[in-house]
Amino acid sequence: MLRRFPMPLSGSTVLAKANRVLTGTDFRTVVRSGRRVSTPHAVVYSTRTGDQSPTRFGFIVAKSVGGSVVRNHVRRRLRAIGRELLDAKAMGVDVVIRPLPGSASADWQQLHSEITEAVHRSVRPR
């Protein structure tokens, strides 16, 4: 089943601890007061922290996405996308990505392009 979801193997897909949204308070702040951009497979929230802290990514993968294996696979795919976006993003931005139930069946290229475009739109100045 996991072969249906190819993912590039080049480079590290691990997000450093400094690049992860970790606390519930931080998640709530980004989701409640951040800018929201929707795509067919995910909702992306972002907010500027107002300082020169590193860009951080967080993921909220609900049970509606699938069983634990599917949820963890979706989370790994999103972390890989977040890792690629770290170099291109400005400092002081928190991004939370909430995949929707159809994200598990989306192919890598489609999910990658949707998330990348949504993150770019959400952090762009208004």
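Here, each number is a calculation from the coordinates, and none is a lab measurement. Since the model is a prediction, treat every value here as computed from it, not as a measurement. Note: ideal-geometry Cβ built from the backbone for every residue, glycine included; neighbour counts use all protein chains shown.
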*When both residues are 6+ apart or on different chains and their Cβ atoms are under 8 Å apart, which pairs have a first residue that lies in segment 98-126 and is farther than 16 Å from Val61 by Cβ, and a second that is assigned to a helix (DSSP H, G or I) and hydrophobic (A, V, I, L, M, F, W, C)?*
His112/Ile81; Thr116/Ile81; Thr116/Leu85; Val119/Leu85
*Could you check how many residues of segment 57-79 are surrounded by fewer than 20 Cβ atoms within 10 Å (Cβ to Cβ), assigned to a loop (DSSP other than H, G, I, E, B) and at negative phi?*
3
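Do the conditions hold for Val44, that is, is it farther than 15 Å from Arg121 by Cα and within 13 Å of the chain's Cα centre (by Cα)?
Values: farther than 15 Å from Arg121 by Cα: no; within 13 Å of the chain's Cα centre (by Cα): yes.
Criteria not met by Val44.
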*Does segment 40-58 contain at least one residue that is under 16 Å from Ser103 (Cα atoms) and among the basic types (Lys, Arg)?*
no
*Counted residues, segment 36-56 - those being crowded, with 16+ Cβ neighbours inside 10 Å, of a type outside the set (Ser, Thr, Tyr) and outside any loop (DSSP other than H, G, I, E, B)*: 5
